Amino acid sequence: MAVSGFRPAIEDLYDGLTVLQHRGQDAAGIVTFDNQFHLKKANGMVRDVFHTHSLHRLTGHMGIGHVRYPTAGCSSEFEAQPFFVNSPFGISLAHNGNLTNAKELAHELLHTDFRHLNTSSDSEILLNVFALALQRQRPIKLTPEIIFRAVRQVHRRCQGSYSAVALIGGHGIVAFRDPHGIRPLQVGKRKYGMKEEYVICSENTLMKPLGYEFMRDVEPGEAIFIDRKNQMHAEICRKGHLNPCAFEWVYLAAPDSILDNVSVYKARLRMGEYLARQIKASGIKIDSVIPIPDSSRAAAAGLADKIKVRYREGFVKNRYIGRTFIMPGQKIRQRSLRFKIHPIDLEFKGNSVLLVDDSIVRGNTSRKIVDMAREAGAKHVYFASASPPIINPCPYGVDIPTRDELIASHHTIEDIRKFIGADKLFYATPEDLVKSIRIGNRKLQHLCTGCFNGRYPTPEVTPKLLLDLGSQRNRTREDHMAEEDDESNKALSIL
């Protein structure tokens, strides 16, 4: 997110990142500017990274912030965003998404452009591509036209998904979205006397609490520049076709967000309503519909309404455990689940229950939840996924790196049912998922549904690229897990 206004930016940045915490819990960072850059970033959640001392030193009326969900590079503290380069002007950048040609760009930056990279993060690559595009124009004065020309260079060189915000020292805030609009980016404004202040962020869920009025989504291929006088300039730097990620509505986004004019909450309600048709046709008897908290609640409510069966909360969620899907590593995910969800036995004992989840990725979580329901005394346990079977990896910023990790990529629905231990298993269809989202915005012609059907919006995504990206991600993850094990062993030896 980015903030530009006439009062200290740190309050909005800290509170805004806290609201966006669901998008990433691995690391957090903020940079502000008041004639010099002030940066604080580290591994951990927002409340753990920033304390009174660090908040007081992050001075200035403009700044950017980031919460990380690691899908490229690794989860080392050195990979935390925002990143910074000192030339030209001093630029700091935060990025949501994945560059699919990061490997080639890194080689070009090192061997052709002679720019050094400190990390394996594609966000640092994106920052250097943008900085180089600005520098090559040798600007005496930084005008909107120069900014937009640099963004056009970024669009020419970078492939994949990128919604980015950048702070240029002494000049202003820049934001840009890839030509397919795969990852979200939105703009809001707030009155300050006769003037206006701006916020740019992934989701408008944070705007109302901070007093901002939602203006609009950033268009695919569009760049926005908020100059040092807090005047906003915008231009379509490369004409694109909107293909937002369907998984935003399934899982990633907050339910009170509206992305590309589609309510996340209503889309999830409709997902459940479409699933209800399958449940009715199956003829099974259900005593209650129970969501797996939190992101499946709306789908479960929509489903329960349609089949005229009571909706019940059957699981208590520990609010102090993060979202297991976006945790870095399967070991951590499995361990955290034991403490994250506890069944309410009274809702299961002697009942036939339909459990509703937003998706089934690896299947391990679903299996453990079905086991919990049976241990709590359920007579029958049925399971429904509000999303279709996930059969392909995501190259655009969701941590689904290899087909081998996806249970639906090499198993039938019946195989999956047996693996998770459910009496019946229901999946949404890709067509119903798309309809659930598009009903909210008929102008939304296309969605990225590559993880469900292999149809990716950018042409460079091939089976070979997916394999290479997955192998690279797995190597990085294995190295990180080995480092964690080493640290654990050291701690045990000290004890």
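Each value in this text was obtained by applying a stated rule to the coordinates, not by laboratory testing. As the structure is a prediction and not an experimental result, all values here were calculated from the model. Glycine gets a Cβ as well: all are built from the backbone with ideal geometry, and neighbour counts include every protein chain shown.
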Handout entry: Backbone HN-Hα couplings from phi across the stretch 298-312 [Karplus 6.51/-1.76/1.60, Hz, Gly and Pro as x]
Key = 5, 4, 5, 5, x, 5, 4, 4, 5, 9, 6, 10, 5, 9, 9
Completion exercise
Answer in debye to the nearest 20: the dipole magnitude of the stretch 33-120 about its Cα centre, from +1 Lys/Arg and -1 Asp/Glu charges placed on Cβ, is 240
Fill in the blank from the handout: Taking Cα atoms, the helix 264-282 axis meets the longest principal axis of the chain at an angle in degrees (rounded to 10) of 20
Exercise for the section: Specify, per residue and in Å³, the volume enclosed by the convex hull of the alpha carbon atoms belonging to the stretch 2-242. Expected result: 111
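Note down the relative contact order for the stretch 332-472 as a percent, whole number, built from C-alpha pairs under 8 angstrom at least six residues apart. Could you put the intermediate results ahead of the total?
Numbers: 205 pairs, mean separation 33.6, N = 141.
Worked out over the stretch 332-472, it gives 24 percent.
Given R₀ = 45 Å, what would the calculated FRET efficiency be for K285 paired with T402, taking r from the Cβ atoms and rounding to 0.05?
Details: r = 39 Å, r/R0 = 0.87.
For R0 = 45 Å, the calculated efficiency reads 0.70.
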Practice task
Would you calculate the separation in nanometres between label points at E313 and I344, each defined as 7 Å from the Cα along the Cα-to-beta-carbon direction?
Solution key: 0.6
Completion exercise
Binned at 5 Å starting from 0, the alpha-carbon pair-distance distribution of the stretch 120-166 in whole percents comes out as 5, 21, 34, 23, 12, 5, 1
Problem - Inter-centroid distance (Cα atoms) of the stretch 208-265 relative to the stretch 443-459, Å - result: 19
Exercise for the section: Collect residues whose amide H, placed 1.01 Å from N in the peptide plane, falls under 5 Å from the amide H of C237; neighbours closer than 5 in sequence don't count. Expected result: E222, A223
Handout entry: Dimensions (Å) - the stretch 85-168, Cα atoms, principal axes, largest first
Key = 33, 25, 20
Practice task
Would you pull out the residues with amide H under 5 Å of F426's amide H, same chain only if 5 or more places away, H placed 1.01 Å from N?
Solution key: F383, A384, S385
Completion exercise
Projected onto the charge dipole of the stretch 201-252 (unit charges on the beta-carbon of Lys, Arg, Asp and Glu, signs +1, +1, -1, -1), the Cα from Y212, I226, H241 with the largest positive-side position is that of I226
Handout entry: Relative contact order (%) - the chain, alpha-carbon pairs under 8 angstrom, separation at least six
Key = 13
Handout entry: Between helix 122-135 and the chain: long-axis angle, C-alpha atoms, 0 to 90°, nearest 10
Key = 30
Practice task
Please list the non-local residues whose amide H lies under 5 Å from the amide H of F315, H modeled 1.01 Å from N, same-chain partners needing a gap of 5 or more.
Solution key: I344
Fill in the blank from the handout: Output ordering of 425-436, 17-28 (per-residue mean of other Cβ within 10 Å, highest first) is 17-28, 425-436
Completion exercise
On each of the three principal axes the extent of the alpha-carbon atoms of the chain, given in whole Å and largest first, is 74, 57, 46
Fill in the blank from the handout: Heads up, the stretch 23-147 by the C-alpha gyration tensor (a ≥ b ≥ c square roots of eigenvalues; a/c under 1.5 rounded, else a/b over b/c prolate, else oblate) looks oblate
Exercise for the section: Return the sequence-ordered ³J(HN,Hα) values of the stretch 245-253 in whole Hz as given by the Karplus equation 6.51 cos²θ - 1.76 cosθ + 1.60 applied to θ = phi - 60°, using x for Gly and Pro. Expected result: 5, 5, 5, 4, 6, 5, 9, 5, 7
Problem - Residue-wise HN-Hα coupling along the stretch 365-380, computed from phi with Karplus coefficients 6.51, -1.76, 1.60 (Hz; x: Gly, Pro) - result: 5, 4, 4, 5, 5, 4, 4, 4, 5, 5, 4, 7, x, 5, 6, 10
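About the Cα centre, and with charges only on the beta carbon of Lys, Arg (+1) and Asp, Glu (-1), how big is the dipole of the chain? Nearest 20 debye, please.
Values: 67 positive and 55 negative charges, 229 e Å.
In debye, rounded to 20, the chain gives about 1100.
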Exercise for the section: Would you mind calculating the gained length between R47 and L110 on full extension (0.36 nm times residue separation, minus the Cα-Cα distance), in nm to one decimal? Expected result: 19.0 nm
Problem - the stretch 2-242, relative contact order in percent, only Cα pairs under 8 angstrom and at least six apart counted - result: 19
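So, R0 is 60 Å and r is the distance between the beta-carbons of D305 and D34; what FRET efficiency does that work out to, to 0.05? If you can, show how the numbers build up before the last one.
Numbers: r = 52 Å, r/R0 = 0.87.
With a Förster radius of 60 Å, E is 0.70.
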